[in-house]
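The next block holds one structure in the form of structure tokens; read it before the comments.
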Amino acid sequence: MPARSVGLAPAKAILVGEHFVVSGAMAIAIAINLYAKASAGLAPRGSIAISAKGLGMCEDGAESLRESGSESGPFGPLVSMVKAFLERYGIEQGVDIRLSSEIPLSAGLGSSAAIAVSILVALSSLFGIRLEREEMFELAFVSERILHGNPSGIDHATSIYGGAIAYSPSRGFRRLPVAGEISLVVGDTLKRRSTKEQILKVQDFLKRNPEIAREAFERIREISEGAISCLEGGDMEGLGELMNENQALLSKVGASSEELDRLIEASIAAGAFGAKLTGAGGGGCMIALGPPDALGAIEESIRRAGGTPYRVKMDDMGSRAC
Ligand code: PMV
């Protein structure tokens, strides 16, 4: 058994279909090269200690946070997931987990899912357990459900598998072939919001407006199918147009915000093929799909509009031990 084992898991960006996926529609996401990292070591029997440095989770601005065994503190959902892992494999030994992450928190990039997945990879490597990806998917749901209420599963599916993923709750996930490079700029509004509240807000809107919901779901189905063809054929301009249409629908159902709209407009003005919010919206991040030669101008334009840009690439490998 190694002294410590390390797991790495990527963030994700949803290209089309967020929110509608919660009610059964298909969404398409890619894993991106921003990572959460967990290092796991042995601890006394019965003890689960989780600590973090640089996660930005501590409201008092402290750099690190440590928690032992509590299922109600900020790391409570992760403690519950670790307990579920240890119980499933009949492990009585305690564990000490140290976390770090370069993924902005509560910003639409699936940071909580990537952190959960990185822990599962580190634990399975520490105990020499061959954890199938399907089992990892089930276990990561433990913390994701506590945190987000009714998540679709797309965040951790994408982090586990990597690459481009089509996902619907009823049909599960499927890796998609991608022709060419996806050149993305992520723009962070720096406005934090709760995924759980955003999901509730949009689901409530859809329930109260059945006619708008019906039309939106029909259009989202066409958008997702169109996006799959664009990825397969390397038609980034076509994909950008579908992203713009998706953004219009997300605005209509109340998922966008002024800050997001500003960064989206700035990206389009700087030459992006398309731009939209990514994840739960209401703040957090947007993505712009650009021709490679416009990426610098898009970054600059996002910065001038008050956002923080990150240029990202697709991660093809998904979560892994390292
Ligand atoms: O904001 P994030 O990264 O948690 O993404 C949420 C995506 C939603 O479609 C709004 C919810 C979900 O679980 O699919």
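Okay, here's what the table says:
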{"item": "MRE, 222 nm, helices only [DSSP H, n ≥ 4, -39500 (n - 2.57), over the chain, to nearest 500]", "result": "-13000 deg cm²/dmol"}
{"item": "Coil-residue trypsin sites (Lys or Arg not before Pro) of segment 154-205, DSSP, other Cβ within 10 Å capped at 11", "result": "Arg171"}
{"item": "P(r) histogram, all alpha-carbon pairs of the chain included - 20 Å bins from 0, percent", "result": "35, 56, 10"}
{"item": "Spin-label model distance (nm) - Lys53 vs Lys196, 7 Å beyond Cα toward Cβ", "result": "3.0 nm"}
{"item": "The chain: most fluctuating residue of Ile119, Ile154, Ile50 per GNM, C-alpha cutoff 10 Å", "result": "Ile50"}
{"item": "Cys322, Cys230, reordered so the largest accessible area comes first (probe 1.4 Å)", "result": "Cys322, Cys230"}
{"item": "Cα Rg over Rh - segment 184-312, Kirkwood", "result": "0.98"}
{"item": "Accessible area per residue in Å² at 1.4 Å probe, computed on segment 4-176", "result": "36 Å²"}
{"item": "Viscosity 1.306 mPa s, temperature 10 °C, Stokes-Einstein D of segment 4-176 from Kirkwood C-alpha radius, µm²/s", "result": "99 µm²/s"}
{"item": "Choice from Ser100, Ser159, Ser267 showing the highest fluctuation, given a GNM over the chain with Cα pairs closer than 10 Å", "result": "Ser100"}
{"item": "Helix 236-252 vs. the chain, principal-axis angle (Cα, 0 to 90°, nearest 10)", "result": "80 degrees"}
{"item": "Accessible area in the full protein assembly, largest first, 1.4 Å probe, for Val178, Val79", "result": "Val178, Val79"}
{"item": "Listed residues Phe127, Phe75 arranged by accessible area, highest first, probe 1.4 Å", "result": "Phe127, Phe75"}
{"item": "Whole-percent carbon and sulfur share, accessible surface of segment 137-197, 1.4 Å", "result": "51 percent"}
{"item": "Segment 260-322 - convex hull of the alpha-carbon atoms, volume per residue in Å³", "result": "109 Å³"}
{"item": "Selection from Val178, Leu200, Val121 lying farthest towards where the dipole of the chain points positive, charges on Cβ", "result": "Val121"}
{"item": "The chain - charge dipole about Cα centre, Lys and Arg +1 at Cβ, Asp and Glu -1, debye rounded to 20", "result": "720 debye"}
{"item": "Length-normalised contact order of the chain in % [C-alpha pairs under 8 Å, at least 6 apart]", "result": "25 percent"}
{"item": "Lysine pairs in the chain with Cα atoms under 14 Å, if 8 or more residues apart or on separate chains", "result": "5"}
{"item": "Where segment 182-322 is the region considered: accessible area per residue in Å², 1.4 Å probe", "result": "44 Å²"}
{"item": "Residue among Pro44, Pro151, Pro177 with the largest mean-square fluctuation in a Gaussian network model of the chain, springs linking Cα atoms under 10 Å", "result": "Pro44"}
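The values are calculated or read from the model by the stated rules, or taken from the named source; none is laboratory data. Remember, it's a predicted structure, so these values are computed and weren't measured experimentally. Quick reminder, even Gly has a Cβ in these numbers, built from the backbone with ideal geometry, and neighbours come from all protein chains shown. The protein model used for the area step is the full one, side chains on, heavy atoms only, and it has no ligands, DNA or RNA in it. Shrake-Rupley method; radii C 1.70, N 1.55, O 1.52, S 1.80 Å.
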